[in-house]
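The values are calculated or read from the model by the stated rules, or taken from the named source; none is laboratory data. Quantities reported herein were computed from a predicted structural model and do not represent experimental measurements. Heads up, the Cβs are rebuilt from the backbone with ideal geometry, glycines too, and the neighbour counts pull from every protein chain shown. Note: areas computed on protein heavy atoms with side chains; ligands, DNA, RNA excluded. Shrake-Rupley method; radii C 1.70, N 1.55, O 1.52, S 1.80 Å.
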Amino acid sequence: MRLHRGQPPKRFDRNVVVIGAGSAGLVSAYVATTLRARVTLVEERAMGGDCLNTGCVPSKALIHAARIATQARAAGSSGIATGDITVDFAAVMRKVQDAINRVAPHDSAERYRNMGVDVRLGKARILDPWTVDIEGEQLSTRAIIIATGAEPLIPPLPGLAECEYFTSDTLWSLSRQPRKLLVLGGGPIGCELSQAFSRLGSDVTQVEMADRVLLREDHEVSDFVAGRLRGDGVDLQLDHQALRIEDSPEGRVLVCAQDGNEVRLGFDTLLVAVGRKPRTEGFGLEALGIPAPHTVETNAYLQTLYPNIYACGDVTSPYQFTHAAAHEAWHATVNALFAPLPRLKVDHSLVPAVTFVDPEVARIGLNENAALARDIEYEVTRYELSDLDRALTENSALGFVKVLTVPGKDRILGATIVGQHAGELLAEFALAMRYRLGLGKLLSVVHAYPTWSEANKYTAGAWKRKHAPERVLRLIERYHGWRRRSLLPLSPLVRGRRSRT
């Protein structure tokens, strides 16, 4: 691939131009302006990107409403009579939009302009390694950060183009509740939305071509989530490969291959949730020859083919999480602003992942699948939430904490938590792994009773019991036996004497 051979200008208009105002772009602009650099932030669509407008914020608001509906139906188990539960779907979707509106000021152009960022709403195109065109105006810049994010992946499924369908980007325009919703995909987005819509009253069928959902999780986690989905009314169809969409007298159907047979699944609303793909086209990468066969290719410092052009977030990351994008953005921005000083390598080893089904699934570091794939030896310590007092008081004693450690040692290789508040509980393990604190150190921390976080301490205690020093304990046992037979004087305090301080 030939590099652009032009010469940089003698002076630059900006220290950095950031393309994209989603999670990665906003953090890049924030870091740059905090470090007193002159920065321009360009957004073609909407400030806040997918996370605010079509991803994290609206989906969690919908999941919250679905959880309330489920809790209301189960209120009788706590002695509270609620009567029949009615879901006003249009009102739920208005509350979802309200959640977006409440968070939006945090990501607004006004807020970032007040910080000192030059915010431009329009299309950006990289002309050369030092020049960005923004709606006809050309700015020279010492560095460029590409933070254009990702978008839903649309499979080449026959009949799909002729069928009105939704994605996680377009779903939020719904005002009428789907009667018969078909969700295509068994990843985190598909599982979260299948459960939420079923709890809100839709007849949901979820289709996954693999033999389990959440393929990045351990098998027992996949099985747990599948059971929860089915328990909430989702008709989960595994090992079903989508072949085509057809019209029938009863309406549209998805035709799937399953065990050598064709299965027909009817629907009136289709949600495609089979993954996401980076936005790599339309802003000049092709002309510069920057490789982007799937994601924008970068090195460990988040540099592209050109050392002053960086990429971060979903457009390049193997982890399509808001927090991963922010983590990368910090590294990319510091490297861009202070090159050629010593650079910072981005470390993805401790990026937490949370799937917001109910109960939640949270993971950091290695799970058993990853350890086996990498041939890493490990030891498993497990604690069942059915033993946790707080879980029992809330009738939520489902799930477990599972920690992988170095065999014979308390150094944590990874943790998986399945249960209520799993994403919150994971933070303690994230901190411990970041600062190399073993399970022994977690065990020494006083956790308030009764709290969910005690599950972490009890997991550490389970590890400690497995590794109790039996020889030392036998000596201590003999010592206590000797003490029971000993005529050794008792302490002065017990004998009634006042001890001196």
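Odds and ends about this structure:
- Pairs where the first residue, in segment 404-421, is farther than 19 Å from LEU214 by Cα and the second is among the aromatic types (Phe, Trp, Tyr) and open to solvent by less than 10 Å² (accessible area, probe 1.4 Å), C-beta under 9 Å, 6+ apart: ILE412/PHE429
Per-residue answers, yes or no, for (1) touching a Leu at 6+ places or on another chain (Cβ under 8 Å); (2) open to solvent by 70 Å² or more (accessible area, probe 1.4 Å); (3) within 23 Å of ARG228 (Cβ to Cβ); (4) not aliphatic (A, V, I, L, M):
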{"residue": "LEU35", "(1), (2), (3), (4)": "yes, yes, no, no"}
{"residue": "VAL39", "(1), (2), (3), (4)": "no, no, no, no"}
{"residue": "THR54", "(1), (2), (3), (4)": "yes, no, no, yes"}
{"residue": "ALA65", "(1), (2), (3), (4)": "yes, no, yes, no"}
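- Any chance ALA143 is on the phi < 0 side of the Ramachandran plot, assigned to a strand (DSSP E or B), touching a residue at least 12 places away in the same chain (Cβ under 8 Å) and open to solvent by less than 20 Å² (accessible area, probe 1.4 Å): yes
- Residues located in segment 327-373, provided they are β-branched (Val, Ile, Thr), within 17 Å of the chain's Cα centre (by Cα) and within 30 Å of VAL17 (Cβ to Cβ): VAL351
- Residue within segment 25-48 that is in contact with a Cys (Cβ under 8 Å, 6 or more places away or on another chain) and either under 23 Å from GLN97 (Cα atoms) or not hydrophobic (A, V, I, L, M, F, W, C) (or both) present: yes
- Candidate set: segment 106-138, residues that are charged (D, E, K, R) and part of a strand (DSSP E or B); chosen: the one surrounded by the most Cβ atoms within 10 Å (Cβ to Cβ): ARG120
- Of the residues making up segment 80-90, those that are surrounded by 10 or more Cβ atoms within 10 Å (Cβ to Cβ), without any contact (Cβ under 8 Å) to a residue 24 or more places away in the chain and either closer than 20 Å to PRO178 by Cβ or of a type in the set (Lys, Arg) (or both) number 2.
- Scope segment 229-264; condition crowded, with 20+ Cβ neighbours inside 10 Å and not in a loop (DSSP other than H, G, I, E, B); matching residues: LEU229, LEU236, ALA242, ILE245, ARG252, LEU254, CYS256
- Where strands (runs of 3 or more DSSP E) sit wholly within segment 335-424, those with at least 3 residues that are surrounded by fewer than 17 Cβ atoms within 10 Å (Cβ to Cβ) occupy 379-384.
- Looking only at residues in segment 265-278 that are of a type in the set (D, E, K, R) and within 29 Å of VAL315 (Cα to Cα), the one that is least open to solvent (accessible area, probe 1.4 Å) is ARG276.
- Flag for SER140 being modelled with pLDDT under 95 and more than 24 Å from ALA226 (Cβ to Cβ): no
- No other residue among VAL96, VAL103 is open to solvent by 20 Å² or more (accessible area, probe 1.4 Å), part of a helix (DSSP H, G or I), in contact (Cβ under 8 Å) with a residue 12 or more places away in the chain and not polar (S, T, N, Q) apart from VAL103.
- If the condition is being touching a residue at least 60 places away in the same chain (Cβ under 8 Å), buried (at least 17 other Cβ atoms within 10 Å of the Cβ) and outside any loop (DSSP other than H, G, I, E, B), then segment 199-228 contributes ARG199, THR205, VAL221, PHE224, VAL225, ARG228.
- Some residue of segment 440-449 being part of a helix (DSSP H, G or I), open to solvent by less than 20 Å² (accessible area, probe 1.4 Å) and touching a residue at least 24 places away in the same chain (Cβ under 8 Å): no
- Filter result (open to solvent by less than 60 Å² (accessible area, probe 1.4 Å), outside any loop (DSSP other than H, G, I, E, B) and among the small types (Gly, Ala, Ser)) within segment 171-198: GLY190, SER194, ALA196, SER198
- Residues (under 20 Å from the mean Cα position of the chain (by Cα) and not polar (S, T, N, Q)) located in segment 157-171: ASP169, LEU171
- Candidate set: segment 292-327, residues that are part of a loop (DSSP other than H, G, I, E, B) and of a type in the set (S, T, N, Q); chosen: the one farthest from GLY282 (Cα to Cα): ASN299
Yes/no matrix, rows are residues, columns are (1) β-branched (Val, Ile, Thr); (2) in contact with a Pro (Cβ under 9 Å, 6 or more places away or on another chain):
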position	(1), (2)
GLN237	no, no
PRO249	no, no
ARG252	no, no
GLY260	no, no
ASP268	no, yes
VAL272	yes, yes
ILE290	yes, no
TYR301	no, yes
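- Check on SER168, open to solvent by less than 20 Å² (accessible area, probe 1.4 Å), assigned to a loop (DSSP other than H, G, I, E, B), of a type outside the set (A, V, I, L, M) and within 17 Å of PRO58 (Cα to Cα): yes
- Residue in segment 408-419 that is within 26 Å of the chain's Cα centre (by Cα), farther than 23 Å from LEU372 by Cα and not β-branched (Val, Ile, Thr) present: yes
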